[in-house]
Amino acid sequence: MNDRPIVISLEQALSMPYGTLRFVHLGWRVIRVESTPRPGQRARGDPNRYIGRPVGGDDRHSYYVAPNVGKEAIALNLKDPEGRAVLHRLIKELAVDVVCTNTMPARHVPLGIDYATLQSIHPAVIWCSISAMGIDYPDVPGYDPVTQAQVGFMDLTGERDGPPTQCGPPITDLKAGDEAFAQVLLAMLERERTGRGKMIDISMAQAAASWLHTFTPLLDMGSAPEELRRNGNRHRQFFPVNAYATADGYIYLAIGSDAQWARFVAQPMFAALGERRFASNEGRRAGQDELHRLIGEVIAQHDGERVAAVLDAATIPNSPISAIGDVADLHFVRDTALHTETPAGQVVRLPPPAVALPHLEELDKKLPFPSRVCASMES
């Protein structure tokens with residue numbers, strides 16, 4: 001196979017683009033294959049190219065940039081036999097290592113991108129699909145908030161007496177992308193031993209449901225469903241874990257053991273809370289409403305810096321609740337973050353890679369701005 005692995009990805013939106021971005025971070029070559037315009041349309045390629053503010057011409061808007069830095073792009077009409085032939089020739093002649101897609105499974109065979117077709121062209125290819133519920137549900141479209149609703153994430157998110165709420169980041173998209181990354185790496189390792197490619201079928205819904213370890217099993221071990229539903233910023237099993245208003249903002253603290261609680265109430269600021277009934281986690285559970293109120297009354301009298309200093313002295317995990325606009329300036333983010341540069345010369349800060357990658361330091365952590373979609377085989 002190639003010294004620098006090659007990925008061809010028929011991708012759009014976020015789930016697969018995020019997964020293949022992780023290959024970019026490893027230095028792999030990622031070539032996006034996007035659609036040509038449909039009759040009556042001017043726009044071509046990934047619809048996300050046109051979401052947000054234009055920052056790199058009419059086909060590279062702000063929402064599209066971060067998941068697609070460092071990738072090449074080409075537009076093919078895969079509904080046309082000639083377009084499919086071009087794709088198949090690319091896969092064969094480049095000896096492509098991995099083909100990815102988050103196209104609806106019902107379209108795989110008509111577009112010539114199903115595993116059986118591509119494996120017959122290039123037997124060692126690793127094929128990876130992300131879809132709403134896997135290829136056994138070929139006509140179900142995938143969309144992050146819908147998956148969050150389907151697998152109960154919204155039932156778990158929000159205030160106790162409020163409506164179901166989606167999580168801030170599109171976590172089921174990102175989970176599926178991470179799963180694609182992990183499963184492709186596993187398949188690459190297996191191919192080193194066997195020489196064979198592999199078919200990888202990722203269901204966004206199954207991947208998301210796999211995260212419910214602290215919920216689903218508890219239903220079979222005596223927990224009533226209402227104990228596991230929305231709980232605001234409180235933890236459902238450890239007490240006290242919550243966000244509290246300080247005199248100048250908010251702070252989040254997490255006490256996860258009786259030993260931590262003992263250190264907490266040993267601090268003069270919280271000494272009045274050191275009652276015997278609160279000494280155990282179960283005691284604190286029983287009195288949680290009163291306990292959260294009492295802690296809130298104490299914390300509200302002090303600024304966040306003072307409260308954090310007391311919690312730090314007791315080695316209690318805590319943090320101010322950062323405004324999203326401030327996160328890029330946190331030292332551990334700023335020191336590891338990537339960046340790109342628009343065609344107009346504007347520097348754009350990007351999130352850091354998930355783990356430290358020394359070779360990115362050598363590249364000054366700059367990734368090329370996403371390429372324009374190169375039109376080929378237009379309808």
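Numerical summary
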read-out: Residues Tyr143 and Tyr250, FRET efficiency given R0 of 35 Å [Cβ-Cβ distance, rounded to 0.05]; value: 0.65
read-out: Computed E for Arg38/Arg372 - FRET, C-beta separation, R0 22 angstrom, nearest 0.05; value: 0.70
read-out: Coil-residue trypsin sites (Lys or Arg not before Pro) of region 37-88, DSSP, other Cβ within 10 Å capped at 10; value: Arg42
read-out: Least to most buried among Trp28, Trp127, Trp211 (fewest other Cβ within 10 Å first); value: Trp211, Trp28, Trp127
read-out: Stretch gain in nm, segment Glu82-Ala344, where the contour uses 0.36 nm per residue and the Cα spacing is subtracted; value: 90.7 nm
read-out: Once the Cα gyration tensor of region 115-241 is diagonalised, semi-axes √(5λ) in Å; value: 36, 16, 12
read-out: Zone of Ala224's modelled label, taken as backbone nitrogen in region 261-292 under 18 Å from a point 7 Å along Cα→Cβ; value: 285-289
read-out: Segment Ser280-Arg334, extension gain: residue separation times 0.36 nm, minus the distance between their alpha carbons; value: 15.5 nm
read-out: Additional length obtainable on full extension of the chain from Asn231 to Ser322, 0.36 nm per residue less Cα span; value: 30.7 nm
read-out: Cβ-based charge dipole, region 51-202, positive-most Cα from Thr172, Met154, Leu90; value: Leu90
read-out: Euclidean distance between Cα centres, region 186-228 to region 251-288, Å; value: 35 Å
read-out: Mean Cα-pair separation over length for the chain, i.e. relative contact order, pairs under 8 Å, 6 or more apart, %; value: 19 percent
read-out: Ranked Thr214, Thr165, criterion: other C-beta atoms within 10 Å, fewest first; value: Thr214, Thr165
read-out: Residues Cys100, Cys128, Cys374, sorted so that the one with the fewest Cβ neighbours within 10 Å comes first; value: Cys374, Cys128, Cys100
read-out: Relative contact order computed over region 241-325 (Cα-Cα under 8 Å; 6+ residues apart), in percent; value: 44 percent
read-out: Across Lys175/Lys366; Lys92/Lys175; Lys175/Lys365; Lys71/Lys365, pairs whose alpha-carbon gap is larger than 22 Å; value: Lys175/Lys366; Lys92/Lys175; Lys175/Lys365
read-out: Nearest-20 debye value, the chain charge dipole, Cβ charges on Lys, Arg, Asp, Glu; value: 620 debye
read-out: P(r) weight above 23 Å for region 241-325, C-alpha pairs, percent; value: 15 percent
read-out: Cut-off under 5 Å, modelled amide H: who pairs with Cys128 long-range; value: Val99, Cys100, Thr101, Ile200
read-out: Size of region 235-379 as Cα extents on the principal axes (Å, biggest first); value: 74, 36, 29
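Read-outs throughout are calculated quantities, based only on the coordinates presented, and are distinct from any laboratory measurement. What you are looking at is a predicted structure, and each value in this text was computed from that prediction instead of being measured. Here the Cβ is made from the backbone with ideal geometry for all residues, glycine too, and neighbour counts use every protein chain on show.
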